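What follows is a short report on a single structure.
The values are calculated or read from the model by the stated rules, or taken from the named source; none is laboratory data. Just so we're clear, the structure is a prediction, and the values are computed from it rather than from any experiment. When we count neighbours, we look across all protein chains shown, and the Cβ atoms used for this are built from the backbone with ideal geometry, even at glycine. All accessible areas refer to the heavy atoms of the entire protein, side chains included, with ligands and DNA or RNA removed. Shrake-Rupley method; radii C 1.70, N 1.55, O 1.52, S 1.80 Å.
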Amino acid sequence: MPRRPAKVTQADLARAIRAAKEAGAGAVSVDADGVIRIALTSSAAPTEPTAGLDEIWVPSEALQRYLKRTESG
C-alpha cells in the first residue's frame, strides 16, 4: 500500500519555526490535521509598516513595458 503524502513537510515546519523566532513567538505547534499554530507572546512587538500609507506605488519602466506586451486586445 503506498504511503499518503505528508500533511506538513519538514520544510513547512522549518519556515514556520524561522518565522516564529523572528516574530518573538512563544511556541509553535502542529495538530493532527496538519495545522501549524504559532503562539505569540504578549511581549512581541507588533510590526509597523515601513512606508507611509499615503504613498502611491508606481511600477518600474521595465514592468510597464512587460505589461504592455502582455495586454490582450
Self-check item: Local electrostatic count at Ala62 - Lys and Arg +1, Asp and Glu -1, tallied over other residues with Cβ under 13 Å
Solution: +2
Quiz prompt | Exposure rank, largest accessible area first [Lys7, Lys21; 1.4 Å] | solution = Lys21, Lys7
Exercise. Once you have the Cα-Cα distance between Val8 and Ile56, take 0.36 nm times their residue separation minus that, and quote the gain in nm to one decimal.
Key: 13.5 nm
Quiz item: If ligands, DNA and RNA are left out, what is the accessible area of Ile38 with a 1.4 Å probe, given in Å² to the nearest 10?
Solution: 70 Å²
Practice problem: Assuming a ≥ b ≥ c are the square roots of the Cα gyration tensor eigenvalues, decide whether the stretch 1-45 counts as rounded (a/c under 1.5), prolate (otherwise, with a/b larger than b/c) or oblate. | Solution: prolate
